[in-house]
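For reference, the structure discussed in these notes is given below.
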Amino acid sequence: MAYSLCLNYSLSSLSTNRQNRYLSIAAFTNPPLLGRKLRVAVIGGGPAGSSAAEALSAGGIETFLLERSPSSAKPCGGAIPLCMLDEFSIPLHLIDRHVTRMKIISPSNLSVDFGSKTLQPDESIPMLRREVLDNFLRCRAQSHGAHLIPALVTHLEVPASSNSPYVVHHTTNNSRKTLAVDVVIGADGANSKVAKSIRAGNYACAIAFQERIRLPDEKMEYYQDLAEMYVGGDVSPDFYGWVFPKCDHVAVGTGTVCAKQDIKVYQRGIRERVKDKIKGGVVIKVEAHPIPEHPRPIRVRGRVALVGDAAGYVTKCSGEGIYFAAKSGRMCGEAIVKASQGGDCMVNECDLMRGYLREWDNKYLSTFRFLDLLQNVFYGSNAAREALVEMCGDEYVQRMTFDSYLYKRLAHNNGWEDVKMLINTIGSLMRCKIVGKEMEALKF
């Protein structure tokens, strides 16, 4: 049986031909589903869940997308990398602003223009509202055949045997219902009930707090193509504050993992920093949401896989999560389509480990670890934050950062410039008197 063919770790010791032969055997031993298609429940209709549902339904799998509140979305800065527009076919009319200037402001109010000299004429950071993006992605999944169920999932019943279905318990219009499926994808955020059901382990969570503020026209003009990031102990002890422009308002917010109980204090801090720029503005919405700080210990168990925030795919330093959520959902959905041969066969834990989790880790885990290191070095004190902003004034640093962020690829670096950047980094850190234990972390 396929359930006994867990080849994903032993394959590395086989030759290429033997690997292909064993993989073929594994594929053919996946038991066929007679008279029906594979049934998959995707819990959560954000970018991760909707992208998974689209890949599944487009691949011939019977897909159920359960979303508690289709009309709402989690608080989010709303910045996405430029490559996401083409990769996920995001229509331009969904974009509120094309940011071409980013100001980074230090604790002492030193301001650095990040991008004005380094962005190419056709480059920008797209800004959008999550409720707009999420609705578009859900509708597209539905157009491919996914069944959208507006429902609150109360718990997931895990089967006692490998051949039995998972049962999703949910409420719709105050009516309790159940849904039996073969596979479950948990895309239900940082407080994932799916993760709890499979005992996926805990992780540290930050809290993000954001106010949407409608500004007078003359104030909004200032943020026409500009976003701002503020660092300092007054706005966050371990993250940053932001002002990101939307269609007719700005999102002003902050986040922290180590002092969540004081989040409103830090929100007052970012408001104080930008008080002259938002004077006369009206708060139209207040939002707060937990944000995972690192991947969960377990992201696949049995025929259940976690994606997006439920899996912990939010990067340190930037807090970026939209792209990685959508990417993980699509990768997981495509892996299930491939392993099930278009929904005609059952899948198992090894299929999910090999086709989704190992591929994800190979592609992105080192990025997450590196950004974790950067946050530990540069976000721990005001002196370090001053050094960070000073470094961001270097055009080579900016170009490398934009290549990595906008296109999710390794930048084509210059050896001599890398040496200069390292020297300048050390100089900045020394000037800010933090070369002690933080520098030890840089030794790989």
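Residues checked against (1) among the hydrophobic types (A, V, I, L, M, F, W, C); (2) surrounded by 19 or more Cβ atoms within 10 Å (Cβ to Cβ):
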residue	(1), (2)
PHE370	yes, no
PHE378	yes, yes
SER381	no, no
ALA384	yes, yes
ALA387	yes, yes
GLY393	no, no
GLN398	no, yes
ASP403	no, no
LEU406	yes, yes
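Do we have LEU110 as free of Cβ contacts under 8 Å to residues at least 12 places away in the same chain and over 24 Å from VAL337 (Cβ atoms) here? Here the answer is no, as LEU110 does not meet what is asked. Residues considered: ALA251, ALA180. Of these, the only one that is closer than 29 Å to GLY329 by Cα, outside the structural domain of SER106 (by TED's automatic domain parsing) and not in a helix (DSSP H, G or I) is ALA180.
Would you confirm whether or not segment 45-55 contains a residue that is part of a strand (DSSP E or B) and not assigned by TED's automatic domain parsing to the domain that holds ASP403? Scanning segment 45-55, I find no residue that is part of a strand (DSSP E or B) and not assigned by TED's automatic domain parsing to the domain that holds ASP403, so the answer is no. When each of ILE322, ILE336 is tested for being modelled with pLDDT of 95 or more and either of a type outside the set (D, E, K, R) or surrounded by fewer than 21 Cβ atoms within 10 Å (Cβ to Cβ) (or both), the lone residue that passes is ILE336.
The residues on offer are SER116, SER89, SER108, and the sole one that is touching an Asp or Glu at 6+ places or on another chain (Cβ under 7 Å), part of a loop (DSSP other than H, G, I, E, B) and either of a type in the set (Val, Ile, Thr) or in the same structural domain as ILE284 (by TED's automatic domain parsing) (or both) is SER108. Are any of the residues in segment 299-308 at positive phi and either crowded, with 24+ Cβ neighbours inside 10 Å or in contact with a helix residue (DSSP H, G or I) (Cβ under 8 Å, 6 or more places away or on another chain) (or both)? Checked segment 299-308: at least one residue is at positive phi and either crowded, with 24+ Cβ neighbours inside 10 Å or in contact with a helix residue (DSSP H, G or I) (Cβ under 8 Å, 6 or more places away or on another chain) (or both). Within segment 79-89, restricting attention to residues that are aliphatic (A, V, I, L, M) and within 13 Å of LYS327 (Cβ to Cβ), the residue that is farthest from the chain's Cα centre (by Cα) is MET84. In a strand (DSSP E or B), outside the structural domain of GLU386 (by TED's automatic domain parsing) and in contact with a strand residue (DSSP E or B) (Cβ under 8 Å, 6 or more places away or on another chain) - does that describe any residue in segment 128-143? No, segment 128-143 contains no residue that is in a strand (DSSP E or B), outside the structural domain of GLU386 (by TED's automatic domain parsing) and in contact with a strand residue (DSSP E or B) (Cβ under 8 Å, 6 or more places away or on another chain). Entry remark, segment 268-287: residues being in a loop (DSSP other than H, G, I, E, B) and either closer than 17 Å to CYS76 by Cα or of a type in the set (S, T, N, Q) (or both) number 0 in total.
Quick grid of which residues meet (1) in contact with a helix residue (DSSP H, G or I) (Cβ under 7 Å, 6 or more places away or on another chain); (2) more than 23 Å from SER51 (Cα to Cα):
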| site | (1), (2) |
| --- | --- |
| ALA160 | no, yes |
| ASN163 | no, yes |
| VAL168 | no, no |
| ASN173 | no, yes |
| ASP182 | no, no |
| GLY186 | yes, no |
| SER197 | no, no |
| ALA200 | no, no |
| TYR203 | no, yes |
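Out of all the residues in segment 71-85, is one or more in contact with a helix residue (DSSP H, G or I) (Cβ under 7 Å, 6 or more places away or on another chain), assigned to a helix (DSSP H, G or I), surrounded by fewer than 19 Cβ atoms within 10 Å (Cβ to Cβ) and not aromatic (Phe, Trp, Tyr)? Yes.
For segment 229-264, filtered to residues that are in contact with a helix residue (DSSP H, G or I) (Cβ under 9 Å, 6 or more places away or on another chain) and of a type in the set (Asp, Glu), the residue that is nearest to CYS76 (Cα to Cα) is ASP248.
The values are calculated or read from the model by the stated rules, or taken from the named source; none is laboratory data. Keep in mind the model is a prediction, meaning the values are calculated, not measured. Cβ coordinates were reconstructed from backbone atoms using ideal geometry, including for glycine residues, and neighbour counts include every protein chain displayed.
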